Amino acid sequence: MGSATHTPDVMEGDAKVRVLVVDDEEFLRSIVRERLEIAGYSVEEASNGTEALSMLESSGPYNVLLTDIRMPVMDGITLLGEWGKRSPGTAGIVMSANAELDTAVHALKMGACDYITKPFNFDVLLITIENALRKKDLERQLDDYRTNLEAKVKEQTDIINSMYVRSIDAMIKALEAKDFYTRGHSQRVTLYSVAIAEELGMKGQELEDLYRASVLHDLGKIGVREAVLNKPGKLSEEEFAEIVRHPETAVRILEPIPFFRPLLPAILHHHERFDGKGYPSHLAGASIPLASRIMTIADTFDAMTSTRAYRQALPIADAIAEIRRCSGTQFDPDIVPAFLACQSKIVIPGDVSLPEGFEEAIPFEYRQQPN
């Protein structure tokens, strides 16, 4: 097989490069191990794929896997597939007879870095190992580059999104200046919506999207005249039409911003009714987004229990009775029970103004205690 005269770089940091030689021929394993150790590698042996995987579990990882193809118990191709799942950073090299070149090519497709045909010259083996290690190092560098690039892209995206959020926040403040009621209303609708959603078992990104949609659900009222928002008497048909357009106005404002697009269906349809008599699309039942069905209960409850320019707030008990009455028509009958159940679990933040009488509706043990 020739003598090893080539001297490779066999150190990774302060440790030797670890090689596992897998072959059912003990003589071949021992001679390969001897020559590689002379070259400076740290070498271990296994007689088949199953034994090799066991060694990986107990003492891995290895830098190089040098494996025969035809072996009992587990062949080299199967070993490469299993090894790649557990230790993708290992440089795999297959040893094959001339008649097995097609199989060796298949091994490359399975993730092997290279193959060497038997009988082989040890100088060629050492060069093959070096090349395989270099290839794996380049792959790691490429992965690091991709990771860093993704991190930089995410950082820039976060900066852009924060600029969008600040712009929308400025619009919300402008809306609050037009209609003082909106500020407390959006906070309370968000509080109630999240409580209902948690009662339903909503979590993760779905819950986060509901939270954001609730905060922004009335943003479209920035396009409604202040005289209409604060009118003490009954609205004309034209004025009511102006109010009805606010979900679509919110969507037009937010749609160009990718960060807000997942929220748009919930915002657009938060005035739909379960019986299909709402607006703007007259959706009914489960065709209404779940977040919208939750928000419409929270929105209506707060509207009924808040004093407006045109009427006084309803008592809490009356508002709850109205929501019960409209279950199955205006509201999803599967969500109303969650709303009723979470009434006693809402802990009220001190900076959210509540409708008069709400605190009395919360059992004492659930009220926020003073610090």
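Checked against the criteria, Thr117 does not count as modelled with pLDDT of 85 or more and polar (S, T, N, Q).
The residue that is nearest to Leu263 (Cα to Cα), among those in the range 275-323 that are among the acidic types (Asp, Glu) and touching a residue at least 60 places away in the same chain (Cβ under 8 Å), is Asp299.
Can you work out which of the residues in the range 236-262 that are small (Gly, Ala, Ser) and part of a helix (DSSP H, G or I) is surrounded by the fewest Cβ atoms within 10 Å (Cβ to Cβ)? First the steps, then the outcome.
Of all residues in the range 236-262, those small (Gly, Ala, Ser) come to 236, 241, 250.
Filter again for part of a helix (DSSP H, G or I), leaving 241, 250.
Values: Ala241: 10, Ala250: 27.
By that ranking, first place goes to Ala241.
Can you name the condition, by its number, that Val94 falls short on among (1) in a helix (DSSP H, G or I); (2) within 24 Å of Ser42 (Cα to Cα); (3) of a type outside the set (S, T, N, Q)? Unmet for Val94, out of (1) in a helix (DSSP H, G or I); (2) within 24 Å of Ser42 (Cα to Cα); (3) of a type outside the set (S, T, N, Q): (1). Is at least one residue of the range 214-235 part of a helix (DSSP H, G or I), touching a residue at least 60 places away in the same chain (Cβ under 8 Å) and closer than 22 Å to Leu264 by Cβ? Yes: the range 214-235 contains one or more residues that are part of a helix (DSSP H, G or I), touching a residue at least 60 places away in the same chain (Cβ under 8 Å) and closer than 22 Å to Leu264 by Cβ.
Restricting Ala52, Ala99 to those that are assigned to a helix (DSSP H, G or I), surrounded by fewer than 17 Cβ atoms within 10 Å (Cβ to Cβ) and either of a type in the set (A, V, I, L, M) or modelled with pLDDT of 90 or more (or both) reduces the list to Ala99. Considering only residues in the range 283-319 that are more than 31 Å from the chain's Cα centre (by Cα) and modelled with pLDDT of 90 or more, the one that is nearest to His269 (Cα to Cα) turns out to be Thr300.
The number of residues in the range 136-162 that are more than 27 Å from Ser87 (Cα to Cα) and of a type in the set (Lys, Arg) comes to 2. None of Pro333, Pro349, Pro265, Pro280 is part of a loop (DSSP other than H, G, I, E, B) and either under 19 Å from Glu208 (Cα atoms) or modelled with pLDDT under 85 (or both) except Pro349. Val105 passes all but one of (1) out of contact with any helix residue (DSSP H, G or I) (no Cβ under 6 Å at 6 or more places or on another chain); (2) assigned to a strand (DSSP E or B); which number fails? Among (1) out of contact with any helix residue (DSSP H, G or I) (no Cβ under 6 Å at 6 or more places or on another chain); (2) assigned to a strand (DSSP E or B), the lone unmet condition for Val105 is (2). The criterion of being over 19 Å from Leu219 (Cβ atoms), surrounded by 10 or more Cβ atoms within 10 Å (Cβ to Cβ) and not assigned by TED's automatic domain parsing to the domain that holds Lys221 does not hold for Lys173. Taken over the range 207-262, the residue count meeting the criterion of being out of contact with any Ser or Thr (no Cβ under 7 Å at 6 or more places or on another chain), among the hydroxyl-bearing types (Ser, Thr, Tyr) and modelled with pLDDT of 90 or more is 1.
The values are calculated or read from the model by the stated rules, or taken from the named source; none is laboratory data. Everything numeric in this text was worked out from a predicted model, so none of it was measured. Reconstructed Cβ throughout: ideal geometry from the backbone, glycine too, with neighbour counts over all protein chains shown.
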